[in-house]
Amino acid sequence: MIRPAHAVASPRVVNIEDLRRLARRRLPKVVFDYVDGGAEGEITLRENRRAFDAVSFRPRHAVGSPEGDLRTTVLDTELALPVLLAPVGYSRLMHPVGEPGAARAAGAAGSVYILSTMSGYKLEDVKTSSGGPMWYQLYLVGGRGVAEAAIERARVAGFSALVVTVDTAVAGMRERDLRNGMTELLRDNLLAKIPFLPQLLSRPGWLTAFLLDGGISTLPNIVIPGHGPMPLIDVTTALAGAALAWEDLRWLRDTWRGPVVVKGVLTGDDARRAVDEGAAGVVVSNHGGRQLDGVPASLRVLPEVATAVNGQAEVLMDGGIRRGSDVIKAICLGARAVLVGRAYAYGLAAAGEAGVARALEILRADMERTLKLLGCASITRLDRSFVDVPAVAQ
């Protein structure tokens, strides 16, 4: 039997789709669909990929041997490559190493790991294990008092930026999760898991690791006074009372006393408002197609946001990135760097920390090769002249 770490090191694992295939083989269907799925008809989920396919390159040839330098800076932090690991909720469900394993892989690669509020591990433990810079992503679950306590913990632990997600007034309608009964799986009740036994038993490796890890746990970074950590099952309901308003950004900025990044921006107007409220950065994002279905692909609105921000804050983006060439296209269209979610989550699900490291290695090699084939010496020299964007994709 091939061990997962050996599987991702196989010469046949050459792209992120190969990691997705391995993740699907290891995870029960209910868990794989949680990682892989989007909202409603998954129109936006598909459009995120199609937008990259619509953009073509305009290379410069006969320029010698360009270096393919991937180094850049984001919020004054030097990175070895322009890829940050996006917040992915309860990664521990995918693999027991969860957030600490992903954070270690990011640190080793010279990148930034962004920890979700919905982490299955304490933020202090994840930061200690990372070996690199980390940002903390915040939901206002539990109210301001709970958020302030988490913000203070993140500040003391050494997180360098606060990421505020603004596109989750309620949880998206994720039809795969509803059909699969994901809510029932998360219940701390053995009887509720009986319908899942066939698929769980068909994935003995995942099931053994899941049980040895203690099964479904709580969310240790959402601590409700008088009740303790919030159970994972309660998150969807809690999100309904956690919607952010622009006025909250002033309070968050004053509470955090450091750079605040607004994630979930899809229009130039919202990007401008975020900057006016003091955001140091914005993330052009449709939540990986997991919130409001039918919104445009992140890549399509990236130029509009970059123009609106006009250099007054750093512009990042996520959504649909599966190849290093996708990262290059996003930077050409105005992104300083990108966030990847599913791309590393597939690796985490397939083989834990080794899988995340392999995902980053694949993207790094892709980017270096693409830069050289474009005839561009450095990621910082990319601009729109290196791509052709059809009018329908703008």
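Derivation of every value follows stated rules applied to the coordinates shown; laboratory data play no part. The model shown is predicted, which means the values in this text are computed figures rather than measured ones. For neighbour counting, all protein chains shown are included, and Cβ atoms are generated from backbone atoms with ideal geometry for every residue, glycine included.
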Revision key, fill the gap. Rounded to the nearest Å, the spacing of the alpha-carbon centers of the range 61-123 and the range 275-326 is 17 Å
Check your understanding: If each of Ala365 and Arg12 carries a label point 7 Å out from its Cα toward its Cβ, how far apart are those two points in nm?
Key -> 1.6 nm
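Based on the Cβ-Cβ distance from Thr218 to Arg144, what FRET efficiency comes out when R0 is 22 Å, to the nearest 0.05?
Efficiency at R0 = 22 Å is approximately 0.60.
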Review point. Which net charge results when you count Lys and Arg as +1 and Asp and Glu as -1 among the other residues whose beta-carbon is under 11 Å from that of Asn286?
Key: -1
**Study point:** Relative contact order (%) - criterion: Cα under 8 Å, at least six apart; region: the chain
**Key:** 29 percent
Check your understanding: Which net charge results for the neighbourhood of Leu252, defined as the other residues with beta-carbon distances under 13 angstrom from its beta-carbon, given Lys and Arg at +1 and Asp and Glu at -1?
Key -> 0
Check your understanding: Which of the peptides 123-135, 210-222 is most tightly packed, and how do the rest follow, going by the mean number of other Cβ atoms within 10 Å of each residue?
Key -> 123-135, 210-222
Point to revise | Shape of the range 1-56, Cα gyration tensor, a/c cut at 1.5 | key: oblate
Review point. Dipole of the chain (Lys/Arg Cβ +1, Asp/Glu Cβ -1, origin at the Cα centre): which of Phe210, Leu162, Asn48 lies farthest to the positive side?
Key: Phe210
Check your understanding: Could you give the dipole magnitude of the range 4-383 about its Cα centre, charging the beta-carbon of Lys and Arg +1 and that of Asp and Glu -1, in debye to the nearest 20?
Key -> 1040 debye
Practice item. Would you calculate the separation in nanometres between label points at His61 and Thr73, each defined as 7 Å from the Cα along the Cα-to-beta-carbon direction? Key: 3.7 nm
Revision key, fill the gap. Given backbone amide H placed at 1.01 Å from N, residues whose amide H is under 5 Å from that of Val83, ignoring those fewer than 5 places away on the same chain, are Val338
Review point. Among Leu360, Gly145, Val112, whose Cα lies farthest out toward the positive end of the dipole of the chain, if unit charges sit on the beta carbon of Lys, Arg (+1) and Asp, Glu (-1)?
Key: Leu360
Review point. Given the rule -39500 (n - 2.57) for each run of at least 4 DSSP H residues, summed and divided by the residues of the chain, what is its mean residue ellipticity at 222 nm, to the nearest 500 deg cm²/dmol?
Key: -12500 deg cm²/dmol
Study note, to complete from the structure: So, over other residues within a Cβ distance under 14 Å of Thr73, counting Lys, Arg +1 and Asp, Glu -1, the net charge is -2
**Study point:** Given charges at Cβ of Lys, Arg, Asp, Glu: the range 184-304 dipole, positive-most of Leu302, Leu266, Leu200
**Key:** Leu200
Check your understanding: About the Cα centre of the range 71-199, what is the dipole size in debye to 20, counting +1 per Lys and Arg Cβ and -1 per Asp and Glu Cβ, all else neutral?
Key -> 220 debye
Check your understanding: So in the chain, what percent of DSSP beta bridges are antiparallel if you round to the nearest 5?
Key -> 25 percent
Study note, to complete from the structure: Under a Gaussian network model of the chain whose springs join Cα atoms within less than 10 Å, the largest fluctuation of Val63, Val275, Val223 belongs to Val63
Check your understanding: Listed highest first by mean packing, meaning other Cβ atoms within 10 Å per residue, what order do 176-186, 42-52 come in?
Key -> 42-52, 176-186
Review point. Where nothing but the Cβ of Lys and Arg (+1) and of Asp and Glu (-1) is charged, how large is the charge dipole of the range 107-263 around its Cα centre, in debye to the nearest 20?
Key: 200 debye
Study note, to complete from the structure: Non-local residues with an amide H under 5 Å from the amide H of Lys263, with H modelled 1.01 Å from N and Pro and chain starts lacking one, are Val164, Thr165, Val166, Val283
Study note, to complete from the structure: Under the 7 Å Cα-to-Cβ spin-label approximation, Asp269 and Leu178 lie apart by a distance in nanometres of 2.9 nm
